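The values are calculated or read from the model by the stated rules, or taken from the named source; none is laboratory data. All figures in this text were calculated on a predicted structure; none of them were measured in a lab. As a convention, Cβ positions derive from the backbone with ideal geometry for all residues, glycine included, and neighbour counts pool all protein chains shown. For accessibility, only protein heavy atoms count, side chains too; no ligands or nucleic acids. Shrake-Rupley method; radii C 1.70, N 1.55, O 1.52, S 1.80 Å.
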Amino acid sequence: MQKTGFIRGSSIMVTAIGITKFLGILSIVPINQLLGNVGQGYYSTAYNLYTILMVLATSGLPTALSKLISERAASKNDMEIEQLYRVTLKLVSCFAVFGALLIWFGAPYYARLVAIHASHEQIANMTLSIRALAPAVLVVPLESALRGYLQGFQQVKGPALSQALEQLFRVFVAVFGTYFLIKNGRGIAEGAATATFGAFVGAVAGAFALWLSVIRFRRQHTRHYKPQQSNRAVRQMLYNVAIPVCLGSLVVPISSNVDSLTVVNVLTHFAGQTFNQAQAGFGILSRQAQNLVQLPLAFTIAVGFSVMPAISKAKAAQDKAAIEANIITPMRMMFFVTFPAAAFFLSVAHPIEYILSDSYAGANIIAAISLMCIFSSMELMSTYILQGLGNFYQPVRNMFLGTALKAILNVLLILLLKSVLGAAIATILGYVLSSTLNVWAVRRHSGVRLSVLRLARPFLLASLPLFIELFFMNRILTDVGTSFPPRELWLWNVMQLLISCLTGALLYVFVSFRMRLLRPDQFCALPVIGPWLSRFAERTVG
């Protein structure tokens, strides 16, 4: 295995996905200030449904197209590549039209499922946000097919640029469009719908950038086209890869929709909360807490895209050493990022929540969801590994077992705690089950003696000093900050978070170097600062 090439190959995608997630987190602050937690609840209800449809559109056929093109590019079978490309475009176009119609006409029925006891006005408010996403469904599948085509030829820069551009336009429209409507006296329902409509504008920008990249690439590589086999055979080939990949990617959106269908209903029907109280709690959980943990998950996604083909290649060559290295190294890199992220969210939940919403009301939810960083990333990484080993359906089964456990615990723990905090705990326990089952499957199918506890122990030990330092420093800074008036208190929390990021990063990097958690070349996969850390590690620890 060429570890350096594997790490560098994932670095661009790590950076691009990291930027998109970071922009998404930044948008929470102004949107929450404009809409409040109730408006965020409307926005989340729409976006959770949209996410499922987008996973179906973006992870299945485009991933299959990328995989099949890469295999045929090696044998220079240009005619079959062209046929795969054309058939995929037709399929995703049909899916786009069907998905847009489903969202538009199904919006009021889904809104009623989410909040059975809500008034007609509240259902209409949620329906407005859901329908605002229908135009985006027309564009995103086509955009994803273009991205999969380029990735099949290992053209990474175009897809990476399009992702960053898409998120930039989405955030711009969501923030400034919502601001314009709210300042002109429109309600939070229309503001939330405008925020969701930003997905369409972002998708158009990303698709346009990809279209330009595809045109330039095809001018140099496309030759005379003649179909090599029937379109039906090509569709079947695509489905064989797309269906299990697509199902395996549904874990996060399905988990989010379990929350959509249970949190508000249980809190209003059994816990005695009003609709607005329940919707506000759901907004904190979905648009703040769960969005934050997407930052470390972005690293796992980017590395996972490189892991799957690397393991497939090693298995085809029956190279057991390469298989083991391609399993152990990504798992260690994943723990290197997720353990400090969990420690960070657990210890600085209060300043994060105040920056996002001008209150500390949701700090306990952010703290509770922090462990999701570790277990959701482990579940996703082990899914990529199993798919690389040729086992596509077992991680899907494990995912549904974890989601079923979460659904049951959602109801029980929300009833027990009378709070949305129960859903946060249920989410973590669901990921614990599915990730554990996945790791057992990796050990069985790979023949690698994989011990998660042994791999994770040094990263846990390195994160303990980080947690202790952040915990005590933030207790002191939070107590000092209570003496400030509200406007100055927000600025104080921003300063507190910046101090925590700087001191915590320096401490964790120092401890990591001393404990030799990763080799110097492995730091290169970290976005922006990776090459600098690699050179620094080489000079300090060799």
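Whole number please: convex hull volume per residue, Cα atoms of segment 432-486, in Å³.
109
Taking only the Cα atoms of segment 288-426, how large is their convex hull per residue, in Å³?
It comes to 92 Å³ per residue, whole-number rounded.
What are the extents of the Cα atoms of segment 163-226 along their three principal axes, in Å, largest first?
58, 21, 14
What figure, in Å² to the nearest 10, do you get for the accessible area of Phe208 with a 1.4 Å probe and non-protein molecules left out?
Probe radius 1.4 Å; accessible area of Phe208 about 120 Å².
Using a 1.4 angstrom probe with every protein chain in place, what is the largest-first accessible-area order of Met378, Met515?
The ordering from most to least exposed comes out as Met515, Met378.
So if each residue of separation counts as 0.36 nm, and I subtract the Cα-Cα distance between Cys94 and Gln33, what length gain in nm does that give?
On the way: separation 61, 0.36 × 61 = 21.96 nm, distance 3.84 nm.
18.1 nm is the gain from fully extending Cys94 to Gln33.
Please list 392-401, 491-500, 139-148, 294-303 highest first by mean number of surrounding beta-carbon atoms within 10 Å per residue.
139-148, 294-303, 392-401, 491-500
Probe 1.4 Å, all protein chains in place: accessible area of His120 in Å², nearest 10?
Surface open to solvent at His120 totals about 150 Å².
Rolling a 1.4 Å sphere over the protein heavy atoms, what is the accessible area per residue of segment 293-367, to the nearest Å²?
I get 32 Å² per residue for segment 293-367.
What do you reckon, how do Leu84, Leu168 stack up by accessible area (1.4 Å probe), largest on top?
Values: Leu84 0, Leu168 95 Å².
Ranked from most to least accessible, the order is Leu168, Leu84.
Going by Cα centres, segment 360-404 and segment 162-213 are how many Å apart?
Taking the Cα centre of segment 162-213 as reference, the centre of segment 360-404 is 29 Å away.
Using Cα-Cα distances under 8 Å and only pairs 6 or more residues apart, what relative contact order does segment 345-489 have, in percent?
RCO, segment 345-489: 26 percent.
I need the calculated FRET efficiency for the pair Met495 and Met515, taking r as the beta carbon distance and R₀ as 41 Å, to the nearest 0.05.
The value I calculate is 0.85.
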